[in-house]
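Student: One structure, as structure tokens, below. Some questions next.
What follows is calculated from the coordinates using simple rules that are stated; it is not laboratory data. Being a predicted model, the structure only gives us computed values, none of them experimental. Quick reminder, even Gly has a Cβ in these numbers, built from the backbone with ideal geometry, and neighbours come from all protein chains shown.
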Amino acid sequence: MNTYQLSRSWILRYDEHHNAPYTLFDINRGYEYVINHSIFSFLSFMEQKDRGDAEISDLFEQDDVDCAQIVKRLNKQWKGLIINKEEVGSAFSFPKLSFSPKISMCSSPKTAEILLTTLCNLECLHCVHSCGHQKEGSLLSGREWIEILQTLERSRIQKVVLTGGEIFTHPHIDEIVEVIGKMKMRFILLTNAMLITKERAELLNKSNIVLSVSLDGNTEQSHDFLRGRGAYNTLMKRMQLLKEYNVNRILSVTLHAKNTNNIQGIIDYALKENIKAVNFTILDEVGRAKEHEILHLSSIEREKCKDQVRNIQVKYENELPIFLLDPAEGLSKNLDCSNYDAPIYCTGATSHIAISPTGDVYPCVYGFGESSLCSGNLKHTSLSKIWNTDKWNMLRGDILLKDLHTCKACSLSNSCQTKNCRVRALKYKRDLYGVPNCIACHNE
């Protein structure tokens, strides 16, 4: 008798109050798919345990169900979705909200960003967290982080970003990496890669782990300008090591006033070295980057830079995934700028959380240190209680466009999405209703 089960490589979610309530996420490829209720119900049934032909026939209330054909069709649509061998069960319950939200939001976070440490082996000129060599007072142990990650896994979180500082300075990073390769989540590890060893490269060779490596120029001069002498040559050696061990690698590139002429060279390097993707981010003028005006782009330079990347995206659309993020535009595209009664919200506190080095939970990394935005600590508070807090209501539709002091009447309002980011407004302007450190605005 054949037996079938939903593969552990796929995460099934039901978010009752979201615009897309039923979703399927591939932890190895990083793709999310919106599915209908019928497919969700069948996959939920297949997730609970391995199912035989008779059980599947009973589900459909038919005796002549061709189970093999059903599995074949599903696997044609979503590769490796249903397997015909028994795996360790992982049917976690579906989280539920304890309130009815005013806007579309998830029943539990879909994504989480974890700042493992602020310690770093470098002191980069553009670091948004101003990280460096100064050691922190206390860090969570490897076991504590693993327990937190297991909590996220049980809550059906799809993707976790581990960042710093430099994550490989954390004393328990190897213990953590060894465990995450076996978890039912996708992990993006942000790193300068200078502390990679053969042993670490071997640990990182997992289908659900992607190493996002910082490269800020295709020359020694350009890369070392931000990161210090010798950084480029060391990185190139570590990149060869990662390639040798077939580690999934993407490039993370910060574009600033001194490296915009390196864009094509970085793409050439990525193609040559079989890099999976390149993420270009326009300099965010916060943290240490704020102090170094030599890095700042004018609004005209910023637009030229973005146009250059967009042209590159078109040129290589069939060869290499290339992404562009401008913090001045924000991440949220949900706001109807013509409606003054439109609620203000973004991904923070609606589908995303950020976790500090001590386990405190915030809507996003910009909230770190703001006590009014900390909803609890995962060492002693459940994620469900943290997520269902009323402390984040102002980020979940309580604030309307008409409530904003400046953004509601700004000439850039129709194109700018940064106004959705109330956390930045509070952190950098001390005004929840103010301008959220808008780069586009103050460079105009």
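Student: Given the Cα atoms of the chain, and with Rh set as the inverse mean 1/r over their pairs in the Kirkwood sense, what is Rg to Rh to two decimals?
Tutor: Checking Rg against Rh, the ratio lands at 0.97.
Student: Right, here's the next one. Given a cut-off of under 8 Å on Cα pairs at least six residues apart, what relative contact order in percent is computed for the chain?
Tutor: Working: 838 pairs, mean separation 60.9, N = 444.
Answer for the chain is 14 percent.
Student: Fewest Cβ neighbours within 10 Å first, please rank Ser413, Ser38, Ser107, Ser382 accordingly.
Tutor: Ser38, Ser382, Ser413, Ser107
Student: Specify the angular offset, from 0 to 90 degrees and rounded to the nearest 10, of the alpha carbon long axis of helix 263-272 from the longest principal axis of the alpha carbons in the chain.
Tutor: The answer is roughly 40 degrees.
Student: What is the projected area of the convex hull of the Cα atoms of segment 3-84, averaged over all directions, in nm²?
Tutor: 5.3
Student: Could you sort 292-298, 224-230, 264-270, 153-159 so that the peptide with the highest average Cβ count within 10 Å comes first and the rest follow in order?
Tutor: Order by mean packing, descending: 153-159, 264-270, 224-230, 292-298.
Student: Return the distance in nm (one decimal) between the two label points of a simple spin-label model at Tyr340 and Glu220, each offset 7 Å from Cα along Cα→Cβ.
Tutor: Modelled inter-label distance: 6.1 nm.
Student: Just how large is the dipole of segment 111-325 about the Cα centre, in debye to the nearest 20, putting +1 at every Lys and Arg Cβ and -1 at every Asp and Glu Cβ?
Tutor: Once rounded to the nearest 20, the dipole reads 480 debye.
Student: May I pose another question? On alpha-carbon atoms, Rg over Rh for segment 111-325 using Kirkwood Rh?
Tutor: Values: Rg = 17.1 Å, Rh = 17.9 Å.
The Rg/Rh ratio comes out at 0.96.
Student: Now for a separate question. Size of segment 237-387 along its principal axes in angstrom, Cα-based, largest extent first?
Tutor: Dimensions of segment 237-387 along the principal axes of its Cα atoms: 47, 46, 35 Å.
Student: Let me ask you something else. Give the Rg (one decimal place) followed by the Dmax (whole number) of segment 14-164, computed from C-alpha coordinates and expressed in Å.
Tutor: Computed over the Cα atoms of segment 14-164, radius of gyration and Dmax are 20.6, 68 Å.
Student: Using alpha carbon coordinates only, what is the Rg to Rh ratio of segment 353-406, with Rh defined as the Kirkwood radius?
Tutor: Result for segment 353-406 is an Rg/Rh of 1.03.
Student: Give me the Å³ per residue figure for the convex hull around the C-alpha atoms of segment 150-225.
Tutor: Expressed per residue, the convex hull around the Cα atoms of segment 150-225 is 106 Å³.
Student: Working from Cα positions, state the angle (0 to 90°, nearest 10) between the long axis of helix 142-154 and the longest principal axis of the chain.
Tutor: 60
Student: Could you please state, rounded to a whole Å, how far the C-alpha centre of segment 190-239 is from the C-alpha centre of segment 292-316?
Tutor: Using only Cα atoms to place each centre, the spacing works out to 23 Å.
Student: Any chance you could give the angle, 0 to 90 degrees and rounded to 10, that helix 67-77 forms with the longest Cα principal axis of the chain?
Tutor: Once rounded, the angle reads 10 degrees.
Student: Give the relative contact order (percent, whole number) for segment 111-325; include only Cα pairs under 8 Å separated by 6+ residues.
Tutor: With pairs under 8 Å counted, the relative contact order is 20 percent.
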